[in-house]
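Single-structure report; data block below.
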Amino acid sequence: MAAVDCILKLGGSALTQKNQLETLKADSLQRAAAIVSKLRGAGERRCIVVHGAGSFGHFQAKENDVASGAPAGSAASDNLRRGLCLTRLSVTKLNHLVTEQLVSCGVPAVGISPFGSWKTACKNVSQAGIEAVKDVLDAGYVPVLHGDCALDLEQHCCILSGDTIIEVLAMKFFPRRVVFLTDVSGIYSCPPDTPGAQLVDSIVIGPDENMEPPVLTSVLPHDTTGGVSLKLQTAVKIVSQSRGAIPVLICKLDSEAAERACLTGEMNGGEGTKISFFER
Ligand code: ADP
Ligand code: IPE
């Protein structure tokens, strides 16, 4: 399979006002689309965009407990099914907005919803819709996936985070880099709103997938996918399973550093967090 240049996650917290139902940060979306357009202009033609849900999806998922699904062995309730439909309507609305902005910046972007072709068992990916992504890339388009609901073999359904999707895509497409663009400058020693929190420039993953330095995290009550700790877990897996061949960078979408991180994989001290593999 031909290599991919960059897999980019546009975090729901970066694209939307996370606490206000279905509220887009239009300037941030424009900035994100301009970055993808520049990537293509710089010759990085095979890139995959994955975005999160933010306030398009998390509220509906939380209200209807879509992430927990139905107890094993019991049928889904009408309420659960309705919750899944409402969550999908909301997150696909955001997918339309993101894809539309990319196309208006000249990027040949095509939205691909994971629901249906990606499946889970006890919340773990059991089937990934890789063929569709590969075909779209091979035909010269930029696939735009998103965190979504998924049908689950054990619990009827669950929420599949964009971060988990990226972990699977990275192992299949082996990109030159994975970049997470979020609403804070990177990974902090403890939640960024805590006194004394410091931006961590570099996190090194040891042979046992241990992280140095360790960090403390927090998550919003209506976040249904685990917040920044899932992102870190994804980054650790990508870096350790590729034994450092795929670097992972995390930085703020609304920053000068974001464009450079995506285009070159380089970041200066204080600009974000680079996650790399321990070398003897
Ligand atoms: P995204 O929506 O971009 O995928 P998340 O909302 O899941 O990202 O995670 C980003 C949020 O995590 C930030 O808004 C930040 O406040 C929170 N957070 C909590 N702990 C940390 C930490 N140690 N470092 C960075 N962010 C953290
Ligand atoms: C969540 O996807 C998908 C939902 C339907 C709720 P993510 O986990 O990737 O979303 P963000 O980035 O945290 O908003």
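The values are calculated or read from the model by the stated rules, or taken from the named source; none is laboratory data. Not measured: the values here are computed from a predicted model. Positions of Cβ are generated from backbone atoms using ideal geometry, with glycine treated the same way; all protein chains shown enter the neighbour counts.
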Residue that is farthest from residue 231 (Cα to Cα), among those in the range 49-88 that are within 16 Å of ligand 1 (Cβ to nearest atom) and among the aliphatic types (A, V, I, L, M): 61
Candidate set from the range 146-187 (those that are crowded, with 24+ Cβ neighbours inside 10 Å and in a loop (DSSP other than H, G, I, E, B)); member that is farthest from ligand 2 (Cβ to nearest atom): 175
Within the range 257-280, considering residues that are free of Cβ contacts under 8 Å to residues at least 12 places away in the same chain and not in a loop (DSSP other than H, G, I, E, B), the one surrounded by the fewest Cβ atoms within 10 Å (Cβ to Cβ): 264
Residue identified as at pLDDT 95 or above, assigned to a helix (DSSP H, G or I) and within 15 Å of ligand 2 (Cβ to nearest atom) among 80, 137, 102: 80
Selection count, the range 181-205, where residues are under 12 Å from residue 217 (Cβ atoms), without any contact (Cβ under 8 Å) to a residue 24 or more places away in the chain and in contact with a strand residue (DSSP E or B) (Cβ under 7 Å, 6 or more places away or on another chain): 1
Qualifying positions in the range 212-240 - in a helix (DSSP H, G or I) and either of a type outside the set (D, E, K, R) or more than 13 Å from ligand 2 (Cβ to nearest atom) (or both): 228, 229, 230, 232, 233, 234, 235, 236, 237, 238, 239, 240
Condition broken by residue 204, with the remaining ones in (1) on the phi < 0 side of the Ramachandran plot; (2) within 16 Å of ligand 2 (Cβ to nearest atom) satisfied: (2)
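Is it fair to say residue 113 is surrounded by fewer than 22 Cβ atoms within 10 Å (Cβ to Cβ) and touching a Lys or Arg at 6+ places or on another chain (Cβ under 7 Å)? Talk me through it step by step, then tell me what you get.
Numbers: surrounded by fewer than 22 Cβ atoms within 10 Å (Cβ to Cβ): yes; touching a Lys or Arg at 6+ places or on another chain (Cβ under 7 Å): no.
It is false that residue 113 is surrounded by fewer than 22 Cβ atoms within 10 Å (Cβ to Cβ) and touching a Lys or Arg at 6+ places or on another chain (Cβ under 7 Å).
Please determine whether any residue of the range 14-26 is more than 16 Å from ligand 2 (Cβ to nearest atom), closer than 19 Å to residue 111 by Cα and not hydroxyl-bearing (Ser, Thr, Tyr).
Filtering the range 14-26 down to residues more than 16 Å from ligand 2 (Cβ to nearest atom) leaves 26.
Add one more test, that the residue is closer than 19 Å to residue 111 by Cα, and what stays is 26.
Of the ones still in play, those that are also not hydroxyl-bearing (Ser, Thr, Tyr) are 26.
Yes, the range 14-26 has at least one match.
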Positions within the range 188-207 being within 19 Å of residue 11 (Cβ to Cβ) and assigned to a strand (DSSP E or B), in sequence order: 188, 199, 203
In the range 169-196, residue nearest to the chain's Cα centre (by Cα) [restricted to those that are within 7 Å of ligand 1 (Cβ to nearest atom) and more than 13 Å from residue 273 (Cβ to Cβ)]: 183
Residues (part of a loop (DSSP other than H, G, I, E, B), touching a strand residue (DSSP E or B) at 6+ places or on another chain (Cβ under 7 Å) and either at pLDDT 95 or above or aromatic (Phe, Trp, Tyr) (or both)) located in the range 1-36: 11, 23, 25
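For the range 41-63: of the residues being more than 20 Å from the chain's Cα centre (by Cα) and either modelled with pLDDT of 95 or more or in a helix (DSSP H, G or I) (or both), which is farthest from residue 163 (Cα to Cα)? Working first, answer last.
We begin by selecting, within the range 41-63, every residue more than 20 Å from the chain's Cα centre (by Cα); these are 41-43, 63.
Right, trim to either modelled with pLDDT of 95 or more or in a helix (DSSP H, G or I) (or both) and you get 41, 63.
Details: 41: 26, 63: 22 Å.
My answer is 41.
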Options 65, 27: the member that is more than 18 Å from residue 153 (Cα to Cα) and surrounded by fewer than 18 Cβ atoms within 10 Å (Cβ to Cβ): 27
